[in-house]
1. Taking the mean number of other Cβ atoms within 10 Å as a proxy for protection, how do you rank 79-88, 161-170 from highest to lowest?
2. Rounded to the nearest 0.05, what FRET efficiency do Lys148 and Thr78 have when you use their Cβ-Cβ distance and R0 = 22 Å?
3. Calculate the dipole size of the stretch 106-193 relative to its Cα centre from +1 charges on Lys and Arg beta carbons and -1 charges on Asp and Glu beta carbons; express the result in debye to the nearest 20.
4. Please give the per residue accessible area of the stretch 72-193, computed with a probe of 1.4 Å over protein heavy atoms only, in Å².
5. Ordered by packing density, taken as the mean number of other Cβ atoms within 10 Å over each peptide's residues, highest first, how do 177-190, 135-148 rank?
6. Provide the per-residue ³J(HN,Hα) series for the stretch 89-99, in order, calculated from phi with Karplus coefficients 6.51, -1.76, 1.60 and θ = phi - 60°, each as a whole number of Hz, with x at glycine and proline positions.
Amino acid sequence: MNKKLVGSAVVGAAVLAIVVVQFVGGGEEAPAAAPPPSPSMPTTTTLPSQGTLEAYNFPDVAGGRGWSIQIPVPTGWTVTHENDRASYRNGQVLLETDKVPITQEDALSGLKAVAAKAHQDGSLVTPVQAGDIGDAAKWDYTYLRDGKYPERVTVIGLGAGDSLVTIRYEAPPAEFDRNRGVLDAAMHVSAPG
């Protein structure tokens, strides 16, 4: 018998046996490849998870049931709380939430009043939708931290009766857009009640 023919038959049978074992269930499935990072999702940022929320509770009003504003916040960042203000910091990037009293009737007017007190030239306050909250406004401006380091800031104001709940996102210009996903996620505000 031809030795080459026998050798080829043995190798072919071995390959066939391995293939059959894989299909019948004797082999392990290959792990799924991780999806490539999306260009719109920065890889340097820890985005808020669904379970990580900063909540501002409002008591029962005129016999009604209470409600709250819940803001998704980053996990793994340095957190400080002082009264109603919560600050989440990762390096030079800051996400801060707060609740302040206002006398204006809506979030746009309230945030405009806050902006006017801050004397930020070239700042603009516009209406915006923030998750479940239709009464919301956005304020964008840039300032010099310590008089020499530029910082970009976006503040979202959410109408909450006689209060304005704010979400402040601040970072140096080079970090602002790269970590923008943190603000975008935080704007998925919910208001169960």
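1. Values: 79-88: 13.6, 161-170: 20.2.
Highest to lowest by the protection proxy: 161-170, 79-88.
2. Details: r = 24 Å, r/R0 = 1.08.
Efficiency, rounded to the nearest 0.05: 0.40.
3. That gives the stretch 106-193 a dipole magnitude of about 220 debye.
4. Ligands and nucleic acids excluded, the figure is 50 Å² per residue.
5. Details: 177-190: 18.6, 135-148: 15.0.
Top to bottom by mean Cβ count within 10 Å: 177-190, 135-148.
6. In residue order, the calculated couplings are 10, 9, x, 8, 9, 10, 10, 10, 10, 7, 10 Hz.
The values are calculated or read from the model by the stated rules, or taken from the named source; none is laboratory data. The model shown is predicted, which means the values in this text are computed figures rather than measured ones. Glycine gets a Cβ as well: all are built from the backbone with ideal geometry, and neighbour counts include every protein chain shown. Side chains are part of the model used for accessible areas, which takes the heavy atoms of the whole protein and leaves out ligands, DNA and RNA. Shrake-Rupley method; radii C 1.70, N 1.55, O 1.52, S 1.80 Å.
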